[in-house]
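The values are calculated or read from the model by the stated rules, or taken from the named source; none is laboratory data. This is a predicted model, so every value here is computed, not measured. Don't worry about glycine lacking a Cβ; one is built from the backbone with ideal geometry, like all the others, and counts go over all protein chains shown. Just so you know, the surface numbers come from the protein's heavy atoms only, side chains and all, with ligands and any DNA or RNA stripped out. Shrake-Rupley method; radii C 1.70, N 1.55, O 1.52, S 1.80 Å.
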Amino acid sequence: MSDDLFAEPPALPVAPSPDYKQRYVAYLDVLGFSSFVEWIDQHPENRASVHSVITKLRNTLVKNPHRGAFMFTQFSDCVVLSADRTAEGLAAVIHGALILHRNLLGDGFLLRGGIAVGNLTHTDDAIFGLGFLKAYAFDKSGSPPRIALSSDVTADIATYDPTWKWDIVVGADHVDGSPMLNTLYEMEGYGSRPPQAGDLVLDRPAAQIAQGISSMACNRTLDTRVRAKWIWFRDYWNQAVSKQGILPKSVWLE
């Protein structure tokens, strides 16, 4: 018997370890999606709606190595965004979160989560690190349907160039004052200047959203915890559209 049978196999080349470094991380969860899937299971004629939401989560954003090494990963009803800890990286994460929020709000879904800072590995195959756990904690806490900002993020913003216009997209929870993304900044500023080419026309979609918020906030058949989140968002919406007084408020339905 040949001794070669017992020889150690040649060593395989070791793949380089992926970067594990400080990054901005956003964890975003679609509220109410699980209940929606349960309802769809009994109403097969509406199953295309689930595919539409998942498609928006997956296709709204694109990875961009030239913009803060921006990455995103979608799994089920959640999305993780991350980018380098630079002003450009933070802008990329915030911009991605705002676009996702806008697209899903039009379908009657709210996003909840947060943006944090921490060491992270984010590749096509893996996401791990303290940064992910910090961002995930914002959703796990059961907070209102807001995208919260960690104290590290707000501290960084205070040192970044104000020409990035952080003051427009960063706001505070109208109930407890916690820092969060002002996801309704477009609604808040709508009509503040003369229309320009390329501006979004929000009158019709805003009216539809306001009606949808009213329906959910006034629906007494909903679980009280779900309804409370829509009531929080209704108050946030009304506060935002009141700034210019052009777009409709969400009203109580009897």
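If you add up the charges near ASP152, with Lys and Arg at +1 and Asp and Glu at -1, over every other residue whose beta carbon is less than 10 angstrom from its beta carbon, what do you get?
Local net charge: +1.
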Accessible surface, region 95-254, averaged per residue in Å² (probe 1.4 Å): 52 Å²
Proximal charge balance of GLY171 [Cβ under 15 Å; K/R count +1, D/E count -1]: -3
Percent carbon-and-sulfur accessible area, region 82-203, ignoring ligands, DNA and RNA, probe 1.4 Å: 55 percent
Cα-only radius of gyration and Dmax that characterise region 149-249, units Å: 15.7, 48
When each of LYS140/LYS249; LYS21/LYS165; LYS229/LYS249 is checked by Cα-Cα distance, pairs over 22 Å: LYS140/LYS249; LYS21/LYS165
